[in-house]
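K.L.:
Quick one: the structure is below, and I'll ask about it shortly.
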């Protein structure tokens with residue numbers, strides 16, 4: 001029974017609470033039972049507040065009894081990634097360099113909006129140190145594991161969040177995405193997640209990785225991501241980069257389908273060398289399914305060259321920005337890979353950085369032109385399924401120098417700041433999830449959510465559960 005309650009979607013929970021068919025207390029108890037059972041194996045949570053969660057659930061139950069919910073997520077269990085401030089809980093960012101004593105007096109915007117909307121906050125999910133890589137392990141919190149195969153990684157850097165949601169340890173999770181850190185773990189763990197347009201979800205303090213860094217929702221279904229985005233996109237005066245609040249209900253129009261939408265299907269972006277054959281086949285199947293549902297699907301590339309170097313300059317400069325003033329004795333405690341990224345960032349000249357900024361602008365312009373013809377771009381979410389836990393990448397193909405070869409589809413759209421979403425589109429022969437990515441024009445999350453929801457309604461990949 002606890003598993004059945006834990007896997008009810010957030011959208012359905014709210015409907016049943018309203019109809020007085022279910023209580024937030026029994027749902028929260030079921031989710032906490034799952035956490036007690038499974039977290040020792042998966043290491044998705046680095047902090048669980050059972051007493052706080054149950055108190056929130058009881059308060060929610062009282063509100064629903066009076067037909068006076070606090071907001072759109074009242075009584076829904078949710079987690080916060082351990083990069084985002086949460087009042088009363090330490091935010092250690094996966095690092096031994098952060099003092100747990102705090103004080104921890106403020107909520108970040110995402111946390112505050114969940115509280116404002118009545119969500120039941122369960123705890124903090126694991127992240128690699130300062131969210132620096134696309135897998136989830138750290139010297140502080142240990143290795144986080146994939147519910148579909150505990151020998152594999154759930155991806156990262158929001159890997160604790162993806163493992164949590166996939167395993168039924170809470171319906172919703174807040175993730176961050178500076179180069180794929182929502183979409184990669186959603187793909188590896190078989191859940192849904194959207195990196196909304198930059199500034200759609202307010203953030204504070206702003207990421208040291210700069211304007212490639214986004215905050216967004218992760219859930220089992222697209223509809224739940226849309227519901228959660230209603231809360232997360234509400235305004236916060238502390239973020240000076242945030243978009244003006246539009247008051248959009250992202251759940252509206254989800255059922256409009258894809259008929260008439262123009263979708264560009266690009267299996268390799270025109271330049272990606274290494275894509276797993278099963279990944280390519282499952283995404284091709286998804287493209288065919290969307291065409292059968294009435295979309296105009298053309299196999300066409302977006303027309304930009306490999307932008308790995310542009311991203312590398314921005315991202316490693318962010319690592320240098322994060323760590324440049326850290327005392328030597330603390331710096332020595334950092335993940336060696338993060339130390340190397342900082343060292344790389346320190347080597348960029350001002351001219352090199354400005355060249356990367358200019359190239360980023362040209363990339364953004366190219367995608368704006370591209371979306372004059374196409375409503376959406378469809379690609380794989382990652383080049384490969386989940387690999388071994390505890391390593392940053394599987395064995396590199398010949399000619400590759402770093403780990404970015406297996407994440408080529410995600411970081412271009414951090415550079416362009418467009419909305420992009422990962423949705424499960426099938427499984428490999430050994431039972432590992434595979435994800436597709438849908439990319440929309442700037443500030444058109446509605447198109448991304450609409451197409452993703454239509455695909456999800458026509459398939460059942462998101463309904464499968466890990467064999468825990």
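FYI, it's all coordinate maths here, none of it is from the lab. Fair warning: this is a prediction, and the values are worked out from it, not measured in the lab. Neighbour counts are summed over all protein chains in view; Cβ atoms, including those assigned to glycine, are modelled from backbone coordinates with ideal geometry.
K.L.:
If eta is 1.002 mPa s and T is 20 °C, what Stokes-Einstein diffusion coefficient results for the range 314-468, Kirkwood Rh from Cα pairs, in µm²/s?
P.N.:
116 µm²/s
K.L.:
Let me ask another. Give the share of C-alpha pairs in each 10 angstrom bin for the range 396-437, from 0 to the last occupied bin, in whole percents, shortest bins first.
P.N.:
Histogramming the range 396-437 at 10 Å steps yields 23, 37, 37, 3 percent.
K.L.:
Can I ask one more? How do the peptides 32-45, 58-71 rank, highest first, by the average count of neighbouring beta carbon atoms within 10 Å per residue?
P.N.:
The peptides rank, most packed first, as 32-45, 58-71.
K.L.:
In the range 383-468, if every C-alpha pair distance is counted and binned at 10 Å from zero, what percent goes to each bin?
P.N.:
Taking every Cα pair in the range 383-468, the percentages come to 14, 36, 35, 14, 0.
K.L.:
Normalised by the residues of the chain, what does the relative contact order come to in percent, with Cα pairs under 8 Å and at least six apart?
P.N.:
Reported relative contact order: 17 percent.
K.L.:
Report the equivalent ellipsoid semi-axes for the range 169-315 in whole Å, largest first, defined as the square roots of five times the eigenvalues of the gyration tensor built from alpha carbon atoms. Please list the in-between numbers first.
P.N.:
On the way: eigenvalues 148, 93, 48 Å².
With the √(5λ) rule applied to the range 169-315, the semi-axes are 27, 22, 15 Å.
K.L.:
Which values, in whole Å and largest first, are the semi-axes of the equivalent ellipsoid of the chain obtained as the square root of 5 times each eigenvalue of the Cα gyration tensor? Please list the in-between numbers first.
P.N.:
Working: eigenvalues 186, 145, 90 Å².
After diagonalising the Cα gyration tensor, the semi-axes are 30, 27, 21 Å.
K.L.:
While we're looking at this one, here's another question. So what is the orientation-averaged projected area of the range 140-223, using the convex hull of its C-alpha atoms, in nm²?
P.N.:
One quarter of the hull surface, i.e. the mean projection, equals 5.8 nm².
K.L.:
Sticking with this structure for a sec: Can you give me the three principal axis dimensions of the range 70-142 from its C-alpha atoms, in Å, biggest first?
P.N.:
38, 27, 16
K.L.:
Report P(r) for the range 13-143: all Cα-Cα distances, bin width 5 Å, range 0 to the bin holding the largest distance, values in whole percent.
P.N.:
Calculated over all Cα pairs of the range 13-143, the distribution is 2, 11, 19, 20, 18, 14, 8, 4, 2, 0 percent.
K.L.:
Taking the Cβ-Cβ separation of residue 401 and residue 321 as r and a Förster radius of 25 Å, what is the calculated FRET efficiency to the nearest 0.05?
P.N.:
On the way: r = 23 Å, r/R0 = 0.92.
It comes out at approximately 0.60.
K.L.:
How many times 2.2 N^0.38 Å is the alpha carbon radius of gyration of the range 287-351?
P.N.:
Ratio of Rg to 2.2 N^0.38 Å for the range 287-351: 1.87.
K.L.:
Also: Round to the nearest 0.05 the FRET efficiency obtained for residue 58 and residue 36 when R0 = 30 Å and r is the Cβ-Cβ distance. Don't jump to the answer; show the numbers that get you there.
P.N.:
Working: r = 19 Å, r/R0 = 0.63.
It comes out at approximately 0.95.
K.L.:
For the ranges 404-410, 179-185, 420-426, what's the packing order if you count other beta-carbon atoms within 10 Å of each residue, average per peptide, and put the highest first?
P.N.:
Per-residue mean Cβ counts within 10 Å order the peptides as 179-185, 420-426, 404-410.
K.L.:
Shifting gears a bit: Please report, for the Cα atoms of the range 109-163, the Rg to one decimal and the Dmax as a whole number; what are they, in angstrom?
P.N.:
12.8, 38
K.L.:
Quick one: compute the contact order of the range 121-220, relative version, from alpha carbon pairs under 8 angstrom and 6+ residues apart, as a percent.
P.N.:
Numbers: 225 pairs, mean separation 24.7, N = 100.
Reported relative contact order: 25 percent.
K.L.:
Run the simple label-point estimate for residue 66 and residue 19 please: 7 Å along Cα→C-beta, distance reported in nm.
P.N.:
Going by the 7 Å Cα→Cβ label model, 2.5 nm.
K.L.:
Kirkwood Rh, the range 370-418, all Cα pairs: how many Å?
P.N.:
Hydrodynamic radius (Kirkwood, Cα only) of the range 370-418 equals 13.0 Å.
K.L.:
While we're here: Projected area of the range 74-222, taken from the Cα convex hull and averaged over every viewing direction, in nm²?
P.N.:
Computing the convex hull of the Cα atoms and averaging its projections yields 7.9 nm².
K.L.:
Provide 371, 348, 453 in ascending order of the number of other Cβ atoms located within 10 Å of each residue's Cβ, fewest first.
P.N.:
Working: 371 21, 348 18, 453 25.
Starting with the residue having the fewest Cβ neighbours, the order is 348, 371, 453.
K.L.:
Now a separate question. Using Cβ contacts closer than 10 Å as the measure, can you line up 198, 130 from fewest to most?
P.N.:
Final ranking by Cβ density, sparse to dense: 198, 130.
K.L.:
Which FRET efficiency value, to the nearest 0.05, is calculated for residue 460 and residue 328 with the Förster distance at 41 angstrom and r the Cβ-Cβ distance? Present the calculation step by step, with values, prior to reporting the outcome.
P.N.:
Values: r = 54 Å, r/R0 = 1.31.
Plugging the Cβ-Cβ distance into 1/(1 + (r/R0)^6) gives 0.15.
K.L.:
Taking every eigenvalue of the Cα gyration tensor of the range 323-403, multiplying by 5 and rooting it, what semi-axes result, largest first, whole Å?
P.N.:
That gives 31, 23, 12 Å for the three semi-axes.
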